[in-house]
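Chemist: Starting off with a structure, shown below.
The values are calculated or read from the model by the stated rules, or taken from the named source; none is laboratory data. What you see is a predicted model, and the numbers here were worked out from it, not measured in a lab. Cβ placement follows ideal geometry from the backbone for every residue including glycine, while neighbour counts extend to all protein chains displayed. Heavy atoms of the whole protein, side chains included, go into the accessibility calculation; ligands, DNA and RNA do not. Shrake-Rupley method; radii C 1.70, N 1.55, O 1.52, S 1.80 Å.
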Amino acid sequence: MGDRAPVHITIGGQLPCEHLAAFAGHAADYDLRTEWDGEPFDPAVLPEGEPLELYGNELNGGQIPEIDAFCAEHGLPFRRWSGGCLGASLPEIALFDGQGLFRDYPASEDEYVLFPPSWIGSFTRMRDLKREMARAELTIPPFAVTGG
């Protein structure tokens, strides 16, 4: 069955309307909600002028790989926090800026990026550490469905 953990994902960018049903199907597969323990995601009710926020509970490792892959395939920036499972996995934050590779960071249970002492010690200049800290604070643009 696996270890179960919560997830919170913030998604932005422009999704062509012909892909909305597929996205909604993935969200339904994970029983993602519009708030913790709130209503299930409904593709007919989308945020206007802000990112899409989705929440899930009791997910295997707090992971939603089909949503991550869908966002990457369609160039949708996201920030995903996955909670930890005691003795199995630590919380993490995964970032995707709409292109390239995912970046992931250790996180706290209250969704903050953590920089372990070994990472901090590996930077030889303070400005490099500050630059990496800034990269970990990705601003997600509004989510919009285009066309149709």
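Chemist: Given a 10 angstrom Cα cut-off, can you work out which residue in 94, 72, 21 is the most mobile in a GNM of the chain?
Modeler: 21
Chemist: Here is a follow-up. Projecting each Cα onto the charge dipole of the chain (Lys/Arg +1, Asp/Glu -1 at the beta carbon, about the Cα centre), which of 25, 51, 121 comes out farthest on the positive side?
Modeler: Going by the Cα projections, it comes out as 121.
Chemist: Let me ask another. Counting alpha carbon pairs within less than 8 Å and at least 6 residues apart, what relative contact order, in whole percent, applies to the chain?
Modeler: Over the chain, the number comes to 32 percent.
Chemist: Continuing with the same structure: How much mean residue ellipticity at 222 nm does the chain get from its helices, if each DSSP H run of length 4 or more adds -39500 (n - 2.57) and you divide by all residues, to the nearest 500 deg cm²/dmol?
Modeler: Mean residue ellipticity, 222 nm, calculated: -6500 deg cm²/dmol.
Chemist: Between 41, 123, 70, find the one with the highest GNM mean-square fluctuation for the chain; connect C-alpha pairs within less than 10 Å.
Modeler: 123
Chemist: Quick one: net charge of residue 95's neighbours, Cβ under 15 Å, K/R +1, D/E -1?
Modeler: -2
Chemist: Test of understanding: in a Gaussian network model of the chain with alpha carbons linked when under 10 Å, which of 118, 108, 89 would top the mean-square fluctuation ranking?
Modeler: Of 118, 108, 89, the most mobile in the Gaussian network model is 118.
Chemist: Still on this structure, I have one more. Per residue, how large is the accessible surface of the chain? Use a 1.4 angstrom probe and give square angstrom.
Modeler: That works out to 57 Å² for each residue.
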